[in-house]
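Visitor: Below you'll find the structure I mean.
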Ligand code: SAM
């Protein structure tokens, strides 16, 4: 059966009833019109996934009996997704796709040509949680605060592979390049609409583990490039 999957920000354990907050309670009772005994899947990003049944409570605080663990908590994928922030709808799209494509941690990076300087972390986190609910990811990706490009590179851990997506990279076989890359922690970096500056490109290429990747001869919009790059990474390095 396919039950609705809901994120709850509370510990979950079989036998301990879960009380939902106002918004998810409203969603279950008023939007989905669930009745007592109806089933829903709960996860909290820490304890795995559980089958629960609506037991009562009020329209502002629905109570569910947690009856069975359906999946254990998996380890979060060690794939960081780094990107120059975009505006509204395209940012929402990009985040949703990053979760679906298996990013484990998501962080906006402010580069020289980034036009968006303030990001709404709360909105980003809400989008990421919603995407996880929809696509069945149990390890909800962490959304880290935005960071300046120079600071990011200054503290870059030597063992993490930087998959640097660059429309100016020589067109070569990205599948072969990724397959030949060292296994282990990795990050995908997508630049802003204005692209990377020459200084930024040079700094990226000085990292100890870096793979400069072309996604083909056309210039992709940043949100398209994100999907293409993460799909390639999943197909070659992913699980
Ligand atoms: N500098 C570009 C221009 O205006 O000509 C546009 C940058 S592109 C819209 C935004 C980002 O998507 C780039 O910084 C890069 O990370 C990624 N990207 C787009 N097309 C790509 C391609 N063909 N190969 C690799 N990365 C690409």
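Just so you know, all these numbers are worked out from the coordinates, no wet-lab data involved. These numbers come from a predicted model, not from an experiment. Cβ sites come from the backbone with ideal geometry, for glycine too, and all protein chains shown count toward neighbours.
Visitor: In Å³ and rounded to a whole number, note down the convex hull volume per residue for the Cα atoms of the range 112-239.
Guide: Residue-normalised Cα hull volume stands at 124 Å³.
Visitor: Suppose R0 equals 30 Å; then what is the FRET efficiency for residue 14 and residue 125 from their Cβ-Cβ distance, rounded to the nearest 0.05?
Guide: 0.65
Visitor: If you take every DSSP beta bridge fully contained in the chain, what fraction is antiparallel? Give it as a percent rounded to 5.
Guide: In the chain, approximately 40 percent of DSSP beta bridges are antiparallel ones.
Visitor: Running Debye on the chain with equal point scatterers at the Cα sites and no solvent, what base-10 log of I(q)/I(0) appears at q = 0.10, 0.11, 0.17 Å⁻¹?
Guide: Reported log10 I(q)/I(0), two decimals: -0.53, -0.63, -1.14.
Visitor: Let me ask something additional. In nm, to one decimal, how far is the modelled label at residue 27 from the one at residue 234, with both set 7 Å along Cα→Cβ?
Guide: If labels sit at residue 27 and residue 234, their model points lie 2.1 nm apart.
Visitor: In addition: Given a Förster radius of 45 Å and the C-beta distance between residue 155 and residue 89 as r, what FRET efficiency does 1/(1 + (r/R0)^6) yield to the nearest 0.05?
Guide: 0.90
Visitor: Between 18, 132, 203, find the one with the highest GNM mean-square fluctuation for the chain; connect C-alpha pairs within less than 10 Å.
Guide: Comparing 18, 132, 203 in the GNM, the peak value goes to 203.
Visitor: Right, something else. For the chain, calculate the relative contact order in percent as a whole number, restricting contacts to Cα pairs under 8 Å that are 6 or more residues apart. Present the calculation step by step, with values, prior to reporting the outcome.
Guide: Working: 462 pairs, mean separation 44.1, N = 239.
Relative contact order, the chain: 18 percent.
Visitor: GNM on the chain, C-alpha springs below 10 Å: top fluctuator among 186, 62, 98?
Guide: Checking each option, the largest mean-square fluctuation is seen for 62.
Visitor: Relative contact order, percent, of the range 32-111 when contacts are C-alpha pairs under 8 Å separated by at least 6 residues? Let's see the in-between values first.
Guide: Values: 113 pairs, mean separation 18.2, N = 80.
Over the range 32-111, the number comes to 23 percent.
Visitor: Which distance in Å, rounded to a whole number, links the C-alpha centroids of the range 124-148 and the range 180-198?
Guide: Centre-to-centre distance over Cα atoms comes out at 20 Å.
Visitor: Another question, then. Going by the alpha-carbon gyration tensor, a ≥ b ≥ c the square roots of its eigenvalues, is the range 200-239 rounded (a/c under 1.5) or, if a/c is not under 1.5, prolate (a/b greater than b/c) versus oblate?
Guide: oblate
Visitor: Output the relative contact order of the range 4-71, whole-number percent, from Cα pairs under 8 angstrom with separation of 6+ residues. Write out the running numbers ahead of the final one.
Guide: Details: 148 pairs, mean separation 27.1, N = 68.
Worked out over the range 4-71, it gives 40 percent.
Visitor: Separation between the residue 36 and residue 169 pseudo-spin-labels, each 7 Å from Cα along Cα→Cβ, expressed in nm?
Guide: 5.9 nm
Visitor: Something else about it: At 222 nm, what helix-only mean residue ellipticity would the chain give, in deg cm²/dmol to the nearest 500, using -39500 (n - 2.57) for each DSSP H run of four or more?
Guide: For the chain, the value works out to -8500 deg cm²/dmol.
Visitor: Could you give log10 I(q)/I(0) at q = 0.21, 0.22, 0.27 Å⁻¹ for the range 4-71, computed by the Debye formula over C-alpha point scatterers of equal weight, without solvent?
Guide: -0.75, -0.83, -1.26
Visitor: If you average the C-alpha positions of the range 98-120 and of the range 6-48 separately, how far apart do those two centres end up, in angstrom?
Guide: 29 Å
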